1. Over segment 146-224, what is the relative contact order in whole percent, taking alpha-carbon pairs under 8 Å and six or more residues apart?
2. State the percentage of accessible surface on segment 48-146 attributable to carbon and sulfur atoms; use a 1.4 Å probe and exclude ligands, DNA and RNA.
3. From the protein chains alone at 1.4 Å, what is the descending order of accessible area for M1, M222, M213, largest first?
4. Rank V78, F201, Y98 by how far each Cα sits towards the positive end of the charge dipole of the chain (+1 on Lys, Arg Cβ; -1 on Asp, Glu Cβ) and give me just the farthest.
5. For segment 80-131, I need the span (max minus min coordinate) of the C-alpha atoms along each principal axis, in Å, sorted largest to smallest.
6. Tell me, what is the per residue accessible area of segment 126-194 in Å², probe radius 1.4 Å?
7. What number do you get for segment 15-93 when its Cα radius of gyration is normalised by 2.2 N^0.38 Å, N = residues?
8. Expressed as a rounded percentage, what relative contact order does segment 125-190 have, with Cα pairs under 8 Å and six or more residues apart?
Amino acid sequence: MEKVNDKTRIAALLQKLLEQRVLLTVKVQDQPSPFTSAIIEVNRDGGLFVIDELKPNQGNELLKQHPEVNIQGQLGGVLLGFSCVVQESGVENDIPFYRLPIPAELDYHQRRQAVRVKLSAATPLPVTFTDPQGKQYAGEVEDLSIGGLRARFSETLPQQLEAGGELSCSFLIPPENKDKLNCKFIVRVIKHEKEGQRPAFLGGQFVALEKQMERRLQRAIMTLQRASRQKESF
């Protein structure tokens, strides 16, 4: 593990956590269970960064009494960790946020990259992709992250769908399935043909999500991650 104490480098790492929409694990003083959040702004000149509300919601009440937090986030195959104290809290569109000082020191620990959240086949999440010619391809989300998803298909995919191609992507954000996400999607990996019982699939990343929709998806991923952790603990 490396100790990073260069402020410029630390600010750059926080900026990458923001740009890559990394979910953070936030531990509030004296609380055994962690909460989740995400960076929504980095102000290098002001020496501050801003995190979103804590999930589950009781974390926001605890933070009022105990402003000191320990934060961890995975950046690729690296685990970043640091401690700091909330300087200011606020509310925007009924959603809390918190301003914190850029830490003076940060732990930089190489580790395996985090896996995506897998969705159960027992409760399928339909997803529709539309190509530039208007043809639609209906599948089911297999796993989901802040940056993209992987989908499986019951039918063979056409050869004109290639890695690097751009599609339109549409699905209802779980677990409530009330808000619909519509965005551009870049295909990064694809298997066109079905093999035995294995479905065709494609995976890729979301492009230029609207900020409000991005925050909704962030909160959905937090909820799904927490549910997955609870299942693993039993």
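The values are calculated or read from the model by the stated rules, or taken from the named source; none is laboratory data. Keep in mind it's a predicted model, so treat the numbers as computed, not measured. FYI the Cβ positions are ideal-geometry reconstructions off the backbone, even for glycines, and counts take in every protein chain you see. Note: areas computed on protein heavy atoms with side chains; ligands, DNA, RNA excluded. Shrake-Rupley method; radii C 1.70, N 1.55, O 1.52, S 1.80 Å.
1. Working: 134 pairs, mean separation 28.7, N = 79.
Worked out over segment 146-224, it gives 36 percent.
2. Numbers: 2460 of 5280 Å².
That share works out to 47 percent.
3. Details: M1 145, M222 5, M213 35 Å².
Of M1, M222, M213, the descending order of accessible area is M1, M213, M222.
4. F201
5. 45, 37, 28
6. Spelled out: the 1.4 Å probe surface of segment 126-194, per residue, equals 52 Å².
7. Values: Rg = 12.2 Å, N = 79, 2.2 N^0.38 = 11.6 Å.
In units of the 2.2 N^0.38 Å rule of thumb, it is 1.05.
8. 30
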